[in-house]
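The next block holds one structure in the form of structure tokens; read it before the comments.
The values are calculated or read from the model by the stated rules, or taken from the named source; none is laboratory data. Computed from a predicted structure; not experimentally measured. Cβ: placed from backbone, ideal geometry, glycine included. Neighbour counts: every protein chain shown.
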Amino acid sequence: MSEPQLPPRPAPPQRPLDVLQRWLAWVGLGRLVLAAVSVGVVSAGLFWLVRTEPPPVEASLPVTSATAPAATLPPPEPASVPAASEPSAVPTPVVVHVAGAVVTPGVHELAAGARVLDAVRAAGGPDGDADLDGLNLASPLVDGQRVYVPVAGEVDPASVPSGAADGASAPAHPSGPLDLNTATAEQLESLPGVGPSTAAAIVDDRDRNGPFASVDDLDRVPGIGPTKLAALRDLVTV
């Protein structure tokens, strides 16, 4: 009869150091270094992700375009385009009548924008008896205007009202030439260009020097110059 077979004898337990040596021999030194480096890189990346601070809350908010108009503002109105300016018209000259105490009274044409002073100069300038203080020489002229240059103590006869105040009637004009030697001051005032001061001067000269011998004697009365004498020559007599 055969002998019974015994089970194999169990291998003695391996020491951990032997297992480690066999594992290192199988892996190899190069693979071990590469694995260690890989583990270090992965660990560093995980550490950086954990340590990074989260982005601020403002970064998660929606960004509004700065150029978008506010909802409460009306849309801008289109800029108005100025209308094309029409070509300026050529300035029209003015025609004025210069009368009174000037060298050459009459109608004169002056450039647009001229003033009373220009009208007096166009009429040859004032004569020796003119009173320029009675005028506004800086006043602008208008077409068809009458510029009257008074003598000393005289007012423009065109500015004297036709009726006297308080309903009193003005002195009536004589039917013919007025006699300088018999006329009263009120009658003399009815002559064109003769105001109260000039009429009083005529009466005073007549009282002091006697009756006028001729109409030309009016030239000696203060306030009556050659221009005024020429205007009165056909209206008075002696």
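Among the residues of the stretch 180-208, those that are part of a helix (DSSP H, G or I) and charged (D, E, K, R) comprise GLU186, ASP204, ASP205, ARG206, ASP207, ARG208.
For the stretch 106-130, filtering for residues that are part of a helix (DSSP H, G or I) and of a type outside the set (Asp, Glu) leaves 6. Filtering the stretch 131-149 for residues that are at pLDDT below 85, more than 14 Å from ALA101 (Cβ to Cβ) and not in a strand (DSSP E or B) leaves an empty set.
Sort out which residues of the stretch 199-236 are surrounded by 15 or more Cβ atoms within 10 Å (Cβ to Cβ) and polar (S, T, N, Q), and write them in order of number.
Correct list: THR227 only.
Cβ-Cβ distances below 7 Å connect the following pairs, each with a first residue in the stretch 195-206 that is under 14 Å from VAL151 (Cα atoms), a second residue that is part of a helix (DSSP H, G or I), and a separation of six or more residues or different chains: ALA199/ALA185; ALA199/LEU188.
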